[in-house]
Amino acid sequence: MAFDRDRFVEDCVGALGEADARGAILEHLTRAVSDHAAVLKGMGEPAEAGLDVLLRSPRLTIFAAKWAPNMTLSPHNHLMWAMIGIYTGREDNMFWKRSAHSPRGLAAGGAKAMFAGDVCEMPEDAIHSVTNPLGRFTAGLHIYGGDFFDTERSLWNAETLAEEPSNGEVVRAMFEAENAKLKR
């Protein structure tokens with residue numbers, strides 16, 4: 001069956017009224033990326049890094065994140081629940097936790113390699129870094145329980161793990177920098 005991005009958004013928004021809204025949204029995402037070839041066809045083959053926003057509202061943000069070859073995003077938080085469903089490529093997530101025992105304030109807390117068709121759910125307090133280890137683009141549907149672009153959160157410096165302020169515009173700028181590298 002063909003993937004219809006507008007219908008997917010409608011289904012996710014409609015799920016907000018259910019008793020277990022997150023569970024219902026997770027079901028929609030899991031069902032969608034289980035046919036990752038249909039999602040890829042419906043969303044199009046990624047040709048640049050970026051965020052293709054399908055919905056932005058105070059209660060829900062949905063976008064397709066398209067990762068450039070070998071792109072890495074430093075540890076960051078969302079301060080809202082999140083779900084990721086990969087529809088092409090591979091996304092490696094390293095999970096971090098705040099730690100008073102670490103001189104940098106963060107310690108590694110696990111990892112998950114996601115392939116096309118895989119889904120990951122993260123709680124409000126999750127901190128993770130993301131890498132596309134492939135020499136081609138990776139893309140996934142990302143769903144957040146709030147306005148991703150209007151939430152002040154943190155990004156940790158890749159070398160020092162110093163905590164720095166971040167928001168949707170900071171993240172967009174990182175994707176634009178990756179595109180600039182690709183054009184060189």
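Values quoted throughout were computed directly from the atomic coordinates according to the rules given, and no laboratory measurement underlies them. None of these values were measured; they are calculated from a predicted model. Here the Cβ positions follow ideal geometry from the backbone for every residue, glycine too, while neighbour counts run over all protein chains shown.
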**Q.** Label-point gap, in nm, between PHE95 and LEU16 - each point 7 angstrom along Cα→Cβ
**A.** 2.7
Q) In a shell of Cβ-Cβ distance under 12 Å around GLY44, excluding GLY44 itself, what net charge do Lys and Arg (+1) and Asp and Glu (-1) give? A) 0
**Q.** Angle in degrees between helix 5-15 and the longest Cα principal axis of the chain, rounded to the nearest 10
**A.** 80
Q.
Just to check I understand the Karplus step: with θ = phi - 60° and J = 6.51 cos²θ - 1.76 cosθ + 1.60, what whole-Hz values come out for region 132-145, glycine and proline as x?
A. 9, x, 8, x, 9, 5, 10, 9, x, 7, 10, 10, 10, x
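Under the rule of -39500 (n - 2.57) per DSSP H run of 4 or more residues, summed and divided by the residues of the chain, what mean residue ellipticity at 222 nm is obtained, to the nearest 500 deg cm²/dmol?
Calculated at 222 nm, the ellipticity per residue is -8500 deg cm²/dmol.
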Q) Residue by residue through region 77-93, which ³J(HN,Hα) values in whole Hz follow from phi under the Karplus form 6.51 cos²θ - 1.76 cosθ + 1.60 (θ = phi - 60°), with glycine and proline marked x? A) 10, 10, 6, 7, 5, 9, 9, 10, x, 7, 10, 7, x, 8, 10, 9, 10
**Q.** Mean-position separation - Cα centroids, region 91-147 and region 168-182, in angstrom
**A.** 18
Q: Over the chain, calculate the relative contact order: mean separation of alpha carbon pairs under 8 Å at least 6 apart, over the residue count, as a percent.
A: 26
Q. Using the beta-carbon distance between ARG104 and ASP147 and R0 = 25 Å, what value does 1/(1 + (r/R0)^6) give for FRET efficiency, to the nearest 0.05?
A. 0.25
Q. What is the local net charge at ALA24, summed over the other residues whose Cβ is closer than 12 Å to its Cβ (Lys, Arg +1; Asp, Glu -1)?
A. -2
**Q.** Spin-label pair ALA111/VAL53, simplified geometry with 7 Å Cα→Cβ offset, distance in nm
**A.** 3.4
